[in-house]
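Okay, so here's the structure we're looking at.
The values are calculated or read from the model by the stated rules, or taken from the named source; none is laboratory data. Quantities reported herein were computed from a predicted structural model and do not represent experimental measurements. Neighbour counts run over all protein chains shown; Cβ positions are idealised from the backbone, glycine included.
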Amino acid sequence: MSRISDRSRPYSMRLPLAGLAGVLAIAAPFPVLAQQAFDLDEITVIANRVATEIQRSGASVSVIEREELERDGETSLGGVLNRLPGLNVTRSGGFGTAAQLTIRGAGPRYVAVYVDGVRVDDPTGITTEFDFGSLAIDDIERLEVLRGSQSALYGGSAVGGVVSVTTRRPQQDGFSQEAAVEGGSNNTFGGRYTLAFRDSRMETSVTLAHRRSDGFSAWEGALPRTPGLERDGFDMTRLSAYFRYQASEALAFGFSAFTQRTRAEYDGYGNPSADNESQRREWGGRAFAELDTGVTRHELSLSHYDITRRFNEGGAPAGWYEGDRTSLAYQGSTSVNEGLTLVWGADTTVDRGEYEASLAGRESMRTMGAFGQALWSPTAGLDIAATARVDRNRDFGTFTSGRISAAWQASDTLTVRGAVGRGFTAPSLNQRFGANFGATMVAPNPNLQPETSRSAELGVDWRSGDVSLGATVFRIDTDNAIEWCGAWADPCTFALPPGFTNAYQNIPGVTRRQGVELSASAPLNDRLTLGANYTYTDTRTPAGDQLTMVPRHVVNLSLDAILTDRLSGTVSARHVAGRAPQDDFLAGVSRRMPNYTLFDTSFRYAVNDHADVVLRVDNVFDRQYQEVWGYGTPGRSYYLGVAARF
């Protein structure tokens with residue numbers, strides 16, 4: 001049986017892939033080399049922008065397929081990401097409220113996020129980042145997570161890593177359908193439907209998903225939580241589509257698109273009874289054409305992302321944000337010989353944003369970039385990838401980034417790998433152009449420069465049969481950090497214009513993130529499989545303080561059981577420890593953040609070959625904990641769902 005490839009083995013179950021054609025179709029957002037055979041156990045697209053065996057990529061990458069995503073009934077993408085080594089998602093309340101991802105201690109402004117090749121980081125935020133609080137797994141076919149600095153491949157903000165989401169693809173020839181419904185605690189309901197078609201030339205799919213819940217109070221103050229607090233509910237509707245047509249042996253074209261509407265209630269800081277609501281509408285699309293001449297493969301793509309956020313507090317408007325991003329990109333790749341592949345490309349991206357408090361109206365920033373990469377195998381057991389990229393921004397000038405990675409197959413069971421890279425993070429529109437928040441006037445700072453970064457990692461992977469072990473040591477240093485200054489902060493190093501209270505500025509000094517990732521997976525017998533990973537992350541600001549939202553220790557454990565021919569189950573545990581104190585602004589003090597351990601369990605019963613019933617229990621022991629001080633987390637929750645394929 002072929003198996004899902006995941007260098008870090010975040011889950012213990014491994015499932016079959018559909019075939020090479022399916023992998024290449026999924027890889028459409030990141031062009032791949034045609035006519036090249038790969039071991040289906042070990043395919044990654046995101047690591048080198050072309051299909052590569054994971055053990056030969058030299059990168060720390062996790063690949064999770066649809067079956068594994070759905071296996072234990074998890075519904076939020078943030079919940080899935082939390083189980084991977086080196087990753088941590090911090091949520092400020094329930095579904096629909098803010099959720100921030102850190103990779104190896106690098107926060108969301110250092111993570112690039114793509115959905116079907118469309119970059120979905122919000123250009124209107126204080127920093128350009130993606131909010132994982134409202135993204136479910138309903139329409140996800142494949143998830144790839146690449147850890148470490150990747151600016152050489154993906155431009156600015158890819159300092160901590162890259163997350164790539166691929167939406168649903170057809171699983172078989174002809175027409176196929178899938179449907180699922182789920183209900184549970186807090187009056188939660190979820191449903192999705194997928195219609196797909198595939199033949200020798202065309203594949204297409206459409207997925208419609210909806211979720212709603214009465215939720216729980218976003219703000220709860222100090223623990224233990226007060227019973228009976230006002231609930232903060234949400235509802236979300238998402239539609240996604242994909243189409244690809246093979247017009248001839250050499251030419252293919254297609255598109256992908258998605259749209260989502262999310263409404264979520266939230267509380268003001270310290271006010272659990274606040275009547276507040278956020279409304280978020282976003283859509284994105286990408287059109288592409290591929291030309292394969294037999295030796296060289298070309299792809300041209302045009303993508304667009306648009307987001308609108310509106311807030312109401314106490315029944316009155318409380319701010320709005322509108323932004324979009326348009327990108328035009330080309331990528332080429334050619335196999336020079338059996339041991340050398342060249343990949344190159346160029347792109348231009350325009351970020352635009354406008355919000356109620358902006359000083360300059362609709363603001364924009366254009367970045368143009370070009371990269372080249374050589375994938376070289378000087379010997380049968382050694383693979384080297386060398387990448388260089390140049391980005392040009394009309395405001396902060398030119399920046400050069402690079403990456404070198406290598407993988408050495410020391411034996412049939414042992415791989416030694418490593419990578420070093422240099423990257424950058426550009427200032428956001430919000431940071432550069434300033435804002436008028438009434439009592440707080442943020443001055444524009446056209447002299448802001450990108451933050452710079454250096455990263456390195458060294459890892460080993462050992463596999464024998466179904467047993468796998470992995471270890472990686474890593475370090476990411478960022479310099480020239482962009483920070484808040486002025487009133488209620490450190491003084492600005494430049495004179496603020498009259499009437500302004502604050503600004504953003506570059507701060508000299510290095511912020512250090514270093515640590516180790518360990519992972520293991522092993523069958524205990526023919527019915528039980530144990531999986532585990534542990535991440536230690538040591539972070540230090542230039543002043544020597546620990547970064548606030550980065551725990552020092554995270555442990556994930558899972559036990560998968562085949563109970564009968566039709567019934568399977570999973571028990572998972574997550575332990576978080578060593579968090580820095582967080583500010584309680586109401587009391588003017590810092591609060592200790594205790595360690596916590598959570599247990600979840602799920603059971604799946606195969607009614608027949610076409611239908612499953614899933615029972616899931618989250619937070620089995622009803623542990624009270626907080627990820628952000630004062631903000632609520634779910635207690636013990638029960639969910640029952642049915643999924644059918646026909």
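Among the residues of segment 555-581, the one identified as surrounded by 17 or more Cβ atoms within 10 Å (Cβ to Cβ) and closer than 30 Å to P508 by Cα is R579. Under the condition of being in a strand (DSSP E or B) and more than 24 Å from the chain's Cα centre (by Cα), which residue from segment 523-536 is surrounded by the most Cβ atoms within 10 Å (Cβ to Cβ)? In this case the residue turns out to be T529.
The set of residues from segment 405-460 being within 25 Å of N480 (Cα to Cα) and aromatic (F, W, Y) comprises F424, F433.
Restricting attention to segment 537-565, the residues that are of a type in the set (S, T, N, Q) and outside any loop (DSSP other than H, G, I, E, B) add up to 4. Restricting segment 112-129 to residues that are over 24 Å from G254 (Cβ atoms) and either at pLDDT 95 or above or not aliphatic (A, V, I, L, M) (or both) leaves a set whose member that is surrounded by the fewest Cβ atoms within 10 Å (Cβ to Cβ) is T127. For segment 512-557, taking the residues that are without any contact (Cβ under 8 Å) to a residue 40 or more places away in the chain and among the aliphatic types (A, V, I, L, M), the one that is nearest to R91 (Cα to Cα) is identified as V555. Of the residues making up segment 69-88, at least one is in a strand (DSSP E or B), at pLDDT 95 or above and closer than 30 Å to T537 by Cα.
Are any of the residues in segment 150-161 out of contact with any Ser or Thr (no Cβ under 7 Å at 6 or more places or on another chain), under 15 Å from T207 (Cβ atoms) and in contact (Cβ under 8 Å) with a residue 24 or more places away in the chain? Within segment 150-161, none of the residues are out of contact with any Ser or Thr (no Cβ under 7 Å at 6 or more places or on another chain), under 15 Å from T207 (Cβ atoms) and in contact (Cβ under 8 Å) with a residue 24 or more places away in the chain. Restricting attention to segment 373-401, the residues that are surrounded by fewer than 17 Cβ atoms within 10 Å (Cβ to Cβ), touching a residue at least 24 places away in the same chain (Cβ under 8 Å) and under 25 Å from the mean Cα position of the chain (by Cα) add up to 1.
Can you find, within segment 211-227, the residue that is nearest to the chain's Cα centre (by Cα) among those that are assigned to a strand (DSSP E or B) and charged (D, E, K, R)? Selected residue: R211.
Applying the criterion of being outside any strand (DSSP E or B) and in contact (Cβ under 8 Å) with a residue 12 or more places away in the chain to the residues of segment 402-416, the residue that is farthest from the chain's Cα centre (by Cα) is A410.
Matching residues to (1) closer than 18 Å to A329 by Cβ; (2) in contact with an Asp or Glu (Cβ under 6 Å, 6 or more places away or on another chain); (3) of a type in the set (A, V, I, L, M):
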{"position": "P227", "(1), (2), (3)": "no, no, no"}
{"position": "L239", "(1), (2), (3)": "no, no, yes"}
{"position": "A247", "(1), (2), (3)": "no, no, yes"}
{"position": "R263", "(1), (2), (3)": "no, yes, no"}
{"position": "Y269", "(1), (2), (3)": "no, no, no"}
{"position": "S273", "(1), (2), (3)": "no, yes, no"}
{"position": "Q279", "(1), (2), (3)": "no, no, no"}
{"position": "E282", "(1), (2), (3)": "no, no, no"}
{"position": "A287", "(1), (2), (3)": "yes, no, yes"}
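Residues in segment 405-455 that are touching a helix residue (DSSP H, G or I) at 6+ places or on another chain (Cβ under 7 Å) and β-branched (V, I, T): T415, T425.
Go through segment 539-592 residue by residue and tally those that are of a type in the set (V, I, T) and over 19 Å from Q626 (Cα atoms). Of the residues in segment 539-592, 6 are of a type in the set (V, I, T) and over 19 Å from Q626 (Cα atoms). Of everything in segment 595-624 that is exposed (fewer than 15 other Cβ atoms within 10 Å of the Cβ) and either within 26 Å of the chain's Cα centre (by Cα) or among the acidic types (D, E) (or both), the residue that is modelled with the lowest pLDDT is D609. Is it the case, given these coordinates, that S157 is crowded, with 22+ Cβ neighbours inside 10 Å, of a type in the set (S, T, N, Q) and part of a strand (DSSP E or B)? No; evaluated as a whole, the condition is false for this residue.
A single member of E265, E230 is over 20 Å from G284 (Cα atoms), among the charged types (D, E, K, R) and in a loop (DSSP other than H, G, I, E, B), and it is E230. For segment 350-372, a residue qualifies if it is under 30 Å from S57 (Cα atoms) and surrounded by fewer than 21 Cβ atoms within 10 Å (Cβ to Cβ), and the qualifying residues are T367, M368, A370, G372.
Residue check: T349 meets all listed conditions (1) free of Cβ contacts under 8 Å to residues at least 12 places away in the same chain; (2) under 17 Å from S428 (Cα atoms); (3) among the hydroxyl-bearing types (S, T, Y) but one, namely (1).
Scanning segment 107-154 for residues being outside any helix (DSSP H, G or I) and within 24 Å of T308 (Cα to Cα) gives a total of 28.
Taking the conditions (1) among the small types (G, A, S); (2) modelled with pLDDT under 95; (3) under 24 Å from the mean Cα position of the chain (by Cα) in turn, G285 satisfies each one other than (2). Quick check on T226: is it hydroxyl-bearing (S, T, Y), surrounded by fewer than 21 Cβ atoms within 10 Å (Cβ to Cβ) and in contact with a strand residue (DSSP E or B) (Cβ under 6 Å, 6 or more places away or on another chain)? Against the criterion (hydroxyl-bearing (S, T, Y), surrounded by fewer than 21 Cβ atoms within 10 Å (Cβ to Cβ) and in contact with a strand residue (DSSP E or B) (Cβ under 6 Å, 6 or more places away or on another chain)), T226 does not qualify.
Taking the listed residues D612, D560, the one that is in contact (Cβ under 8 Å) with a residue 60 or more places away in the chain and among the acidic types (D, E) is D560, with no other qualifying. Annotation: A543 fulfils all but one of (1) more than 30 Å from I404 (Cα to Cα); (2) modelled with pLDDT under 95; (3) buried (at least 16 other Cβ atoms within 10 Å of the Cβ); (4) of a type outside the set (V, I, T); the unmet one is (3).
For segment 26-68, a residue qualifies if it is closer than 22 Å to R244 by Cα, in a helix (DSSP H, G or I) and modelled with pLDDT of 50 or more, and exactly one does: R66.
Cβ-Cβ contacts under 6 Å between residues 6 or more apart (or on different chains), taken from a first residue in segment 313-336 that is under 30 Å from Q373 (Cα atoms) to a second residue that is of a type in the set (A, V, I, L, M) and in a strand (DSSP E or B), are listed as T326/V350; L328/L302; Y330/L300; Y330/A346; S333/V343; T334/L342.
At least 1 residues being buried (at least 18 other Cβ atoms within 10 Å of the Cβ) and free of Cβ contacts under 8 Å to residues at least 24 places away in the same chain is the threshold, and among the strands (runs of 3 or more DSSP E) wholly inside segment 417-511 those reaching it are 467-486. Among the residues in segment 557-575, are any under 30 Å from P446 (Cα atoms) and not hydroxyl-bearing (S, T, Y)? So far as segment 557-575 goes, no, none of its residues is under 30 Å from P446 (Cα atoms) and not hydroxyl-bearing (S, T, Y). Considering segment 504-537, and only residues there that are out of contact with any strand residue (DSSP E or B) (no Cβ under 6 Å at 6 or more places or on another chain) and not polar (S, T, N, Q), the residue that is farthest from L429 (Cα to Cα) turns out to be D526.
In segment 59-75, of all residues being under 11 Å from R616 (Cβ atoms) and within 16 Å of the chain's Cα centre (by Cα), the one that is surrounded by the fewest Cβ atoms within 10 Å (Cβ to Cβ) corresponds to E74.
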